[in-house]
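Written below as structure tokens is the structure these notes are about.
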Amino acid sequence: MTEIADIAKLLKEAQAELKAVADKAAQEQFKSRWLGRKGAFSLLLRGVKDLPPEKRKEFGAKANQARENLQAAFEKIGAAKDDEAAAPEFDYTLPGRAPQLGKRHVLTQVTNEIVRIFYGMGFEVADGPEIELDYYNFSALNFPPDHPARDMQDTFFLDGDYVLRTHTSPVQVRVFEKRRPPVRILAPGRSYRNEAINARSYCMFHQVEGFYADTDVSFADLKGVLIAFAEQFFGSEAKLRFRPSFFPFTEPSTEVDVSCLLCGGTGCRLCKDEGWLEILGAGMIDPEVFRAVEYDPERISGFAFGMGIERLAMMKYRIDDIRLFFENDLRFLAQF
Ligand code: DAH
């Protein structure tokens, strides 16, 4: 082993062997065979002194370089093997980590359920803007200017003639303006009221507006549709109670209660011992609304209703604080 070419040969051989090193024992063996004090490269270097003087310098430098390369490659492999040894063995008995799947917000789920039920009765879905003209939110719905009925709803007023819509009823007017009867529409969406925030009220909430205009629509149709809805949404035991009420855009007007879902009507904490829970406002569309959209109230009649989606969700799932819907706490949302 006195030729420079031999150094490269030796290094090649060592590198090939290093590739096959698979465990600690083989590592030790490799180290002493190639890199140790009595290893092949040490012997090679020791032989330098026996070479002719003009060869020594180059041979020594090359041999040293080769040894260093091998040492570096060996250390790299050793470190990787150590990492593997430190990692615990894979434990097949551990429970798997379930992937976190997103799902629809409970209010979206309830909205979709309502839409599905009314879809089965021939209602289409429509929507309207949340930033709404005073005209659509109030005037066209027969709220006269300065009429106290406007105070029924605490309004967020915007610049110009705009408000944040206080209910979904303006969608009635927008749809009637564009379409001729028969129209049968469901309009879910956000509404806003300038109310103090507490467990029962929030500055933003969701409503579903439903309305039907055609020749010969009667109050009996309204009752039939709402009763069919309640049976599907709450269950076949649910009973409805219609109370006379007032809305500027319906005549006659009614507020509708459902028999308490918890006690069935005998009185409990959920219904505050009433036996009934209010779910919506409704009525026969006022002739003034039809006039505003140039429908002939002598020929066309219709009903409308509006319900609070949070309210329905709170009843269905016994949720006692409306703020939970908007805090987006996953511990709450994951339950539905
Ligand atoms: N817009 C009313 C409210 O927010 C609810 C309502 C009552 C809607 C009667 C209607 C209706 O369509 O006919 O208080």
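Modelling each spin label as a point 7 Å along the Cα-to-Cβ direction, I'd like the Glu54/Cys203 distance in nm, to one decimal.
Result: 9.5 nm between the two label points.
Would you tell me the accessible area of Glu3, worked out with a 1.4 angstrom probe on the heavy atoms of the protein chains, in Å² to the nearest 10?
90
Report the FRET efficiency, 1/(1 + (r/R0)^6), for Ala228 and Tyr92, where r is their Cβ-Cβ distance and R0 is 41 Å, rounded to 0.05.
Working: r = 54 Å, r/R0 = 1.31.
Calculated transfer efficiency: 0.15.
Do any GluC sites (Glu not before Pro) in the stretch 101-147 lie in a loop, going by DSSP, with at most 16 other beta-carbon atoms within 10 Å of their beta carbon, and if so which? Intermediate results must be reported in sequence, preceding the final value.
Working: sites: Glu113, Glu124, Glu130, Glu132; in loops: Glu130.
Here the sparse-neighbourhood loop sites are Glu130.
GNM, the chain, Cα, under 10 Å: largest mean-square fluctuation among Ser32, Ser169, Ser253?
Of the options given, Ser32 has the highest mean-square fluctuation.
May I ask you to give the percent of accessible area on the chain that is carbon plus sulfur, with a probe radius of 1.4 Å?
Details: 10000 of 19360 Å².
Carbon and sulfur together cover 52 percent of it.
According to a simple spin-label model (label point 7 Å from Cα along Cα-to-Cβ), what is the distance in nm between Glu68 and Ser245?
Label-label distance for Ser245 and Glu68, simple model: 8.9 nm.
Please state the shape class of the chain: rounded when a/c is under 1.5, otherwise prolate if a/b exceeds b/c and oblate if not, all from the C-alpha gyration tensor. Present the calculation step by step, with values, prior to reporting the outcome.
Values: a/c = 4.83, a/b = 3.51, b/c = 1.38.
Prolate shape, in that a/c is at least 1.5 and a/b is the bigger ratio.
Is the stretch 146-272 rounded, prolate or oblate when judged by the Cα gyration tensor, a ≥ b ≥ c being the square roots of its eigenvalues, rounded requiring a/c under 1.5 and prolate requiring a/b larger than b/c?
Note, shape of the stretch 146-272 comes out oblate.
Can you give the net charge of the other residues whose Cβ lies under 11 Å from the Cβ of Gln29, counting K and R as +1 and D and E as -1?
Details: positive: Lys24, Lys31, Arg33; negative: Glu17, Asp23, Glu28.
Local charge sum for Gln29: 0.
Which FRET efficiency value, to the nearest 0.05, do you get for Arg116 and Ala25 by plugging their Cβ-Cβ distance into 1/(1 + (r/R0)^6) with R0 = 41 Å? Walk me through the numbers before you get to the answer.
Values: r = 69 Å, r/R0 = 1.67.
For R0 = 41 Å, the calculated efficiency reads 0.05.
For the chain, can you list the cysteines whose C-beta has no other cysteine C-beta under 4.7 Å from it?
Cys203
Please give me, ordered by residue number, the trypsin sites (Lys or Arg not before Pro) of the stretch 97-184 that lie in loop per DSSP and have at most 16 other Cβ atoms within 10 Å. Don't skip to the answer; put the middle values down first.
Details: sites: Arg97, Lys103, Arg104, Arg116, Arg150, Arg165, Arg174, Lys178, Arg179, Arg184; in loops: Arg97, Lys103, Arg104, Arg165, Arg179.
Loop-located and lightly packed - Arg97, Lys103, Arg104, Arg179.
Provide the per residue accessible area, probe 1.4 Å, for the chain, rounded to a whole number of square angstrom.
It amounts to 58 Å² per residue over the chain.
Would you calculate the separation in nanometres between label points at Phe336 and Arg33, each defined as 7 Å from the Cα along the Cα-to-beta-carbon direction?
Taking the simple label geometry, Phe336 and Arg33 are separated by 7.0 nm.
How are the Cα pair distances of the stretch 4-86 distributed, in percent, across 5 Å bins from 0?
Final binned percentages: 3, 15, 26, 22, 15, 10, 6, 3, 1, 0.
May I ask you to rank Thr108, Thr254 by accessible area, largest first, using a 1.4 Å probe over the protein chains only? All intermediate terms of the calculation are to be shown ahead of the outcome.
Details: Thr108 60, Thr254 5 Å².
Ranked list, largest accessible area first: Thr108, Thr254.
With a 1.4 Å probe and all protein chains kept in place, how do Thr215, Thr166 rank by accessible area, largest first? Kindly include the intermediate steps, with their values, before the conclusion.
On the way: Thr215 60, Thr166 0 Å².
The ranking, largest first, comes out as Thr215, Thr166.
Quote the accessible area belonging to Leu133 in square angstrom, nearest 10, computed with a 1.4 Å probe and with ligands, DNA and RNA left uncounted.
Its accessible surface works out to 50 Å², give or take rounding.
Work out the FRET efficiency for Ala220 and Ile77 from their Cβ-Cβ distance, taking R0 = 56 Å, and round it to the nearest 0.05.
Details: r = 87 Å, r/R0 = 1.55.
Once the sixth-power term is evaluated, E becomes 0.05.
Between Asp127 and Ala61, 0.36 nm times their residue separation minus their Cα-Cα distance comes to what?
Working: separation 66, 0.36 × 66 = 23.76 nm, distance 8.38 nm.
Contour length minus Cα-Cα distance gives 15.4 nm.
Can you tell me how much longer the chain between Gln15 and Leu270 gets when fully stretched, taken as 0.36 nm per residue apart minus their C-alpha distance, in nm with one decimal?
Working: separation 255, 0.36 × 255 = 91.80 nm, distance 7.96 nm.
Taking Gln15 through Leu270 to full extension adds about 83.8 nm, to one decimal.
Could you order Ser139, Ser201 so the one with the most accessible surface comes first? Probe is 1.4 Å. Intermediate values should be presented prior to the final figure.
Numbers: Ser139 50, Ser201 20 Å².
Solvent-accessible surface, decreasing: Ser139, Ser201.
Starting from the Cα gyration tensor of the stretch 202-324, multiply each eigenvalue by 5, take the square root, and state the resulting semi-axes largest first in whole Å.
Working: eigenvalues 170, 51, 28 Å².
They are 29, 16, 12 Å, listed largest first.
The values are calculated or read from the model by the stated rules, or taken from the named source; none is laboratory data. Keep in mind that this is a model prediction, so the values were computed, not measured. When we count neighbours, we look across all protein chains shown, and the Cβ atoms used for this are built from the backbone with ideal geometry, even at glycine. Note: areas computed on protein heavy atoms with side chains; ligands, DNA, RNA excluded. Shrake-Rupley method; radii C 1.70, N 1.55, O 1.52, S 1.80 Å.
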